[in-house]
Every structure is written in C-alpha cells, then in structure tokens.
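Nothing in this text is a laboratory measurement; each read-out follows from the coordinates by a stated rule. Source: prediction; values computed, not measured. Every residue, glycine as well, gets a Cβ built from its backbone with ideal geometry; the counts of neighbours run over all protein chains shown.
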Amino acid sequence: MRIGVSLRTGYGVEDPRVGARWIVERARAARAAGLDSLFVGDHHSTGGAYYQNVPVIGRLSAEWGAAPFGALFLLPLWHPVLLAEQVGTLAALAPGRFVLQCALGGGADQFGAMGVAVRDRVRLFESHLDTVRRLLAGEEVAGARIGPLPAEPVPVWIGAAADPAIDRAARLGDGWIAGPEVTLAEAGRRLAAYREACEQHGRPVGAAVLRRDVHVGADAADAQRVAGPVLAAGYRGFGPGVAVVGGPGEVAEQFAAAGALGYDEILVRHLAEDQDEVLLSMARVGEVRTALA
C-alpha cells in the first residue's frame with residue numbers, strides 16, 4: 001500500500017508568510033518520511049488565507065523529488081485551456097509524474113464568486129475534463145493548443161461520494177478518491193460500487209485512493225493528547241471513529257484494514273494545528289509506511 005499526503009493549505013495566520021513557510025516545511029517532512037505522493041487542494045473565495053494550488057505545488061516541486069505529485073482542481077470553476085496550460089507547466093517542473101485530481105466542488109458562495117452556476121457543474125465538469133485531456137494530448141480544441149505538453153500521460157483521479165458521482169469517476173477517471181468523512185465500512189461499500197461501475201462501463205479498475213485525516217503520536221496517549229481536543233471541538237463535522245489517531249502501530253493496523261478492502265493508496269491530511277506536532281506526526285507516518293511495506 002502506498003501512503004501519500006494531501007497538505008493543508010488554509011491557515012488562520014496574521015502573517016501570510018508563516019502559513020506559506022509551514023506548507024513548505026510539511027512538504028520537506030513528507031519527503032524525508034519517504035511518502036509516496038504529494039498533493040494540495042483547491043478552494044476559492046474563502047475569505048481567509050487559502051494558498052492557491054498552482055503556485056503552491058509549483059513551489060513544492062522544488063522540494064519533492066521524483067515521486068508522483070499533483071493538485072486537486074474543481075473543474076467547473078476553471079477555464080479548461082488555462083487549466084491545461086497550468087498542468088502542462090507543472091508537469092515539467094519535477095521528474096515525478098503529475099496526477100490531476102478533480103472534483104465537482106460545491107457551495108453557492110464559491111461558485112458565485114467565480115461566475116459559475118452550481119446547476120451547471122456536472123455538465124461543465126465533463127466538458128472541461130474532455131477538453132483538458134485532449135489539449136494535454138497535443139490536440140487542437142476550438143482553435144486552442146497548449147504547451148509545454150507533459151512528457152508522460154497525466155492520470156486523472158476523480159473525487160466522488162454519491163453513487164452517481166462514483167459512476168462518473170468509473171466512466172471518466174483513471175482513479176477514484178474516497179473522502180475523509182467516510183467510515184471504514186462505508187469506504188468498503190463505496191469501493192465495491194466503484195468496481196462494479198468500472199465493470200459496467202467496460203473500463204479497468206483504476207487507482208482506489210482513500211483520504212484520511214490523521215495524527216500519529218509517539219503512542220496512543222500522546223496521539224490523544226494532541227488530537228483529542230481537536231476532535232472534541234467537532235473537527236470538520238466528522239463522526240466518531242473517522243479520523244485516524246494513535247501510535248504508529250495502531251495507525252498501521254487501520255491503514256492495513258483499508259488495504260484489505262482493496263484500497264491502493266491512502267492520502268493523509270494532518271488534523272493538528274501545532275506545526276511542530278504535525279512535523280513529528282509526518283515523520284511517524286513514514287514509520288507507518290515502512291511497517292506496511
């Protein structure tokens with residue numbers, strides 16, 4: 001099983017340079033831990049310090065090395081020619097393979113700020129993805145061509161939760177991402193639905209990726225010391241038992257259970273606020289990876 005990281009890129013900091021420094025430090029820690037992939041997310045018009053994905057992953061490519069890296073893009077909110085140009089450039093910045101994560105996105109405020117109607121998001125998602133793929137393959141689309149072109153194909157992983165969205169991921173994607181809010185039992189049901197949809201569409205089963213919000217302590221008590229207050233405050237509205245908290249051995253057991261369901265990769269996101277605690281946890285995620293390998 002592979003273990004990668006989806007770095008948090010929104011911070012409530014007075015000096016925006018502090019949050020930017022934390023992102024870079026976390027990427028360095030992930031590389032030092034030997035993690036298998038590096039990603040950042042996508043959100044717009046948040047009203048806070050949300051560091052945008054293209055410049056951030058471009059900066060982090062200088063820290064990362066040859067492992068796969070990439071970013072999530074909420075496709076309906078992006079002009080497909082601009083997005084293809086950004087991906088082509090990002091794919092040239094590091095020796096590793098660039099992976100395009102994408103999702104529908106939501107929120108009337110976010111869509112309104114970007115001048116896109118939420119009701120159009122499914123149609124735009126499919127049409128934009130088709131255009132981006134064709135442009136990255138070197139085709140001319142509606143008079144547009146882009147460059148540089150990626151040196152190798154760009155896999156598309158689609159984040160999806162509802163059954164129609166999972167079906168769309170099977171039909172259009174090279175991989176599927178299950179969100180961090182699902183229980184392990186629900187993650188198993190959704191993976192079965194994804195595999196069934198791939199079969200129905202006559203497509204190979206792609207990468208099955210599970211997001212997990214984590215804190216890995218020196219042991220269980222140390223992990224609860226850091227994560228307990230965060231979870232008790234209602235972290236992201238998650239239900240009980242969804243976040244993965246414990247010492248390296250306990251976390252390895254939970255990740256192994258996801259692997260037994262058939263997931264190929266887990267993307268971790270750290271739930272702690274304290275930067276030093278996150279860096280320690282990141283190093284211990286490396287121990288978890290070693291144990292699973």
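With the chain treated as a Gaussian network of Cα nodes joined by springs under 10 Å, which of Ser45, Ser37, Ser61 yields the largest mean-square fluctuation?
For the chain, modelled as a Gaussian network with Cα springs under 10 Å, the answer is Ser45.
Hey, what number do you get for the chain at 222 nm if only DSSP H runs of n ≥ 4 count, each worth -39500 (n - 2.57), divided across all residues, to the nearest 500?
Only helices count here, giving -14500 deg cm²/dmol.
Around His270, with a cut-off of 13 angstrom between Cβ atoms, what is the net charge of the other residues, counting Lys and Arg +1 and Asp and Glu -1?
On the way: positive: Arg8, Arg26, Arg211, Arg212, Arg236, Arg269, Arg284; negative: Glu25, Asp213, Glu273, Asp274, Asp276, Glu277.
Combined, the nearby Lys, Arg, Asp and Glu give +1.
For Glu196, what is the net charge nearby, where nearby means another residue's Cβ is under 13 Å from its Cβ and Lys, Arg count +1, Asp, Glu -1?
+2
Any idea what angle helix 121-136 forms with the longest principal axis of the chain, computed on alpha-carbon atoms, 0 to 90 degrees, nearest 10?
So the inclination is approximately 80 degrees.
Which loop chymotrypsin sites (Phe, Trp or Tyr not before Pro) in region 204-291, with loop taken from DSSP, have no more than 16 other Cβ atoms within 10 angstrom of their Cβ?
Within region 204-291, the qualifying chymotrypsin sites (Phe, Trp or Tyr not before Pro) (loop, at most 16 other Cβ atoms within 10 Å) are Phe238.
Quick check on packing: order 275-284, 205-214 by the mean number of other C-beta atoms within 10 Å, highest mean leading.
Per-residue Cβ counts within 10 Å, averaged per peptide and sorted highest first, yield 205-214, 275-284.
Select one label from (i) 29, 22, 19; (ii) 36, 19, 16; (iii) 37, 26, 18: the one whose number is semi-axes √(5λ) of the Cα gyration tensor in Å as derived from the coordinates shown.
Entry (i).
Which one of Leu280, Val132, Cys102 is farthest out on the positive end of the charge dipole of the chain, using unit charges on Cβ (Lys, Arg +1; Asp, Glu -1) and the Cα centre as origin?
Val132
Give me the net charge of Gly286's neighbourhood, meaning all other residues with Cβ under 14 Å from the Cβ of Gly286; Lys, Arg count +1, Asp, Glu -1.
Surrounding charge for Gly286 is +4.
Against the longest principal axis of the chain, how steep is helix 184-200, in degrees 0 to 90 to the nearest 10, with axes from Cα atoms?
The two axes meet at around 20 degrees.
From the residues Pro68, Val226, Leu149, which one has its Cα farthest along the dipole of the chain in the positive direction, the dipole being from +1 and -1 charges on Cβ of Lys/Arg and Asp/Glu about the Cα centre?
Leu149
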